[in-house]
Every structure is written in C-alpha cells, then in structure tokens.
Amino acid sequence: MLNVSALRMLHAVASSGSIAGAAAALGYTPSAVSQQLASLERAIQVRVLERGPRSVRLSDAGVRLAAHAEAVLAKLAEAEADMRAFAGLQTGTATLALFPSAMRALAATILLNAAKALPGITMHIEEFEPAVALSALQDGAVDCALVYDFADKQLEPPRSIQLKVIGSDPFRLCVSANDSLVKTAPVAEHLLTTRPWIADGPPPAESCFALRLLSQRGHEVTVAARSEDAAAVHALVAAGIGVALLPSMAIDTRNHNIAALPLSDPPPPRRIIFAYRKPSAEYAILAMVGPIIRNAARQRLSADSCG
C-alpha cells in the first residue's frame, strides 16, 4: 500500500530536483528521505529514482507517480480544510512572503488586520524578491506570497504554484520637489532625457525597469547613480541628483522632498500577484488569511491609482 509520507517526499524531490532539497523543505535528513523512497520502491516493486554518482533524478515511473502524488496531496489538503472548517478551527500559523516595497507598504496593515480578525492565527512575514519567494513557496518555506512582474517580463511559475493577479501598480516619475518638471506634469516623454537617472538596480541596464523601458523606446540617458536600496534612491532623488521611475507602491509618500509625477505616455503598470501552492490552495488557514492579504494590497493599489 502506498505510504502518504513517502509520496510527499517523492513530490518534494520532483519539486526541488534533489533529495537534499526535499529534505530541507520537509525538515528531514537526506538519509531519511532516501530510506523512505527506497522503502517505496520495494513496496511498489518499481524504481522511482535513477541514482547517479553525484545526483538523482526521477525515473519515468517516478515522474508518473509524482503526478499522482500531487493529486493525492491536493485532495488531502482539501479534506483537512473541510474538517477544520467543519470543526470551526481558527488556530495555526501562516507565513507570507512579501517583496521589499510591499513589506514597507503592507506588512504592518496585514499583521494588524490579521491579529484583529483572526486572533488564533499567528502571521509571520518574510521579505523576498519574487523569484526567491516562488522558490520558497515551492519548497514549503512559506505558505503564500505577494509577488510582481512586468508586462515585458512576466513570471513563469513552477507547475505546482498558482498565481492570481490582484491589481496593477502604476509607475510614477519621481523628481525633487523643486524640479521644474513638477509644473509640466504629466511629463512628456522627450523630457525624460533631460535629467540624469537613478537606477534602482545593479548593472546591466536591463535589470532596471526604467532603463530597459527607455532603451526600448530609443532613448539614451545618463545614469548618475545605482542603488537597490529604496531609501538611498529616495534620498538621491530628493537631493536633486537625478530622477527615478518607480511603481507607486515603492514610493515613500511621507517624503515631501519628492514629487511623484504621472507621464503623458506611461509604461504598462507592474502586476501585483497573490501566489500559493496548488496542493494547499484550499487549506483552511490560507483560506482565512488570503482575503486579508489581498484586501490590503487592493486598497493600497486603489489609493496609488488615484494619487
């Protein structure tokens, strides 16, 4: 008879690509995972792993069984959610991954609202960039995540991850409050080359959305500084060193030395996305905290769109 624990380990190996990754995700030692999978092979009399000198991969049979394991785990999660809901249980923990600007803009609201609406659930938040958040989600290190992508660089999640678009985060041109561009808003595109730029990312230029966009539109600009630290970008813009194109959620609205201006020909907004693992999509705690997370994000996005 198939062992659910072994199926869970096989699914983790399929998701992570290694026994070590599966062990880390599930909290076991690699030796324990290997032993469970060996026991599984003896039980079904089929080899599920192809073992090499330094690595393992799923056999054809292992791939087929891992697909069954994903379906089985999904049904178990649904059953657990149904029983928790039936029993009225509202206790447990939930770990959320937020990207940096969402951490600054939303973390306090999410934690306060969750504590008020769901006192029996302990919320924990980690800060990850989208790609790392999806990896952590796939490995089981977090339960859900808020991530983002761009119109020209959309996320391609693993098969086990479900994405739901929450809304759009429009871009604004951030300039010193004393800059003459403030009087010209919305700012015409040809004026974007008249100021030096603060790039919010390391080289190459493609890593910064603004520079990638300007390059695609045929513009060449001078880069005065680069920084991945939001506070540094804000300080440089406020001092008049350069301008920056930032999504609204990333802009510190409390900094009155910065003006956030609309563009006459704005780029497509970045998408804000709620991500979770498919097998746990109906997990009771996630079903309860999910609306709190999504509502906090939607309210901020609505305010930014009107600003």
Quick one: would you say Leu146 is under 18 Å from Pro266 (Cβ atoms), open to solvent by less than 20 Å² (accessible area, probe 1.4 Å) and not basic (Lys, Arg)? no
Can you tell me which residue in region 177-203 is most open to solvent (accessible area, probe 1.4 Å), limited to those that are over 18 Å from Asp229 (Cα atoms) and small (Gly, Ala, Ser)? Ser180
Residue by residue through region 133-154, note down the ones that are touching a strand residue (DSSP E or B) at 6+ places or on another chain (Cβ under 7 Å) and not in a strand (DSSP E or B). Ala133, Leu134, Ala136, Leu137, Gln138, Val142, Asp143
When region 258-296 is examined, which residues are found to be modelled with pLDDT of 90 or more, open to solvent by 50 Å² or more (accessible area, probe 1.4 Å) and of a type in the set (Lys, Arg)? Arg271
Residue that is most open to solvent (accessible area, probe 1.4 Å) [pool: residues in region 1-57 that are among the charged types (D, E, K, R) and closer than 24 Å to Pro158 by Cβ]: Arg54
Does Glu78 satisfy being in contact with a strand residue (DSSP E or B) (Cβ under 6 Å, 6 or more places away or on another chain), open to solvent by 40 Å² or more (accessible area, probe 1.4 Å) and within 22 Å of Pro158 (Cβ to Cβ)? no
Return the residue satisfying two criteria in turn: it lies in region 237-257 and is touching a Lys or Arg at 6+ places or on another chain (Cβ under 7 Å) and either open to solvent by 50 Å² or more (accessible area, probe 1.4 Å) or part of a loop (DSSP other than H, G, I, E, B) (or both), and of such residues it is farthest from Pro267 (Cα to Cα). Gly242
Mind listing just one residue for me: the one in region 101-126 that is of a type outside the set (Ser, Thr, Tyr), touching a strand residue (DSSP E or B) at 6+ places or on another chain (Cβ under 6 Å) and open to solvent by 20 Å² or more (accessible area, probe 1.4 Å) and, of those, modelled with the lowest pLDDT? Met123
Determine if region 72-84 includes at least one residue that is modelled with pLDDT of 90 or more and not in a loop (DSSP other than H, G, I, E, B). no
If we ask which residues in region 174-225 are more than 20 Å from Met249 (Cα to Cα), in contact with a Pro (Cβ under 7 Å, 6 or more places away or on another chain), at pLDDT 90 or above and not in a strand (DSSP E or B), their number turns out to be 0
Among the candidates Leu173, Leu211, single out the residue that is without any contact (Cβ under 8 Å) to a residue 60 or more places away in the chain, under 21 Å from Ala235 (Cα atoms) and in contact with a helix residue (DSSP H, G or I) (Cβ under 8 Å, 6 or more places away or on another chain). Leu211
Complete set of residues in region 226-235 that are assigned to a helix (DSSP H, G or I) and surrounded by fewer than 21 Cβ atoms within 10 Å (Cβ to Cβ): Ala230, Ala231, Ala232, Ala235
For Ala238, only one of the following conditions fails: (1) touching a residue at least 40 places away in the same chain (Cβ under 8 Å); (2) farther than 29 Å from Gln299 by Cβ. What is its number? (2)
Helices (runs of 4 or more DSSP H) wholly in region 1-67 with at least 1 residues that are without any contact (Cβ under 8 Å) to a residue 12 or more places away in the chain, among the small types (Gly, Ala, Ser) and at negative phi - which ones? 19-26, 30-44
Quick one: is Arg159 charged (D, E, K, R) and either within 17 Å of Pro266 (Cα to Cα) or buried (at least 18 other Cβ atoms within 10 Å of the Cβ) (or both)? no
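The values are calculated or read from the model by the stated rules, or taken from the named source; none is laboratory data. The model shown is predicted, which means the values in this text are computed figures rather than measured ones. In this analysis, Cβ positions are derived from the backbone assuming ideal geometry, glycine residues included, and neighbour counts consider all displayed protein chains. Side chains are part of the model used for accessible areas, which takes the heavy atoms of the whole protein and leaves out ligands, DNA and RNA. Shrake-Rupley method; radii C 1.70, N 1.55, O 1.52, S 1.80 Å.
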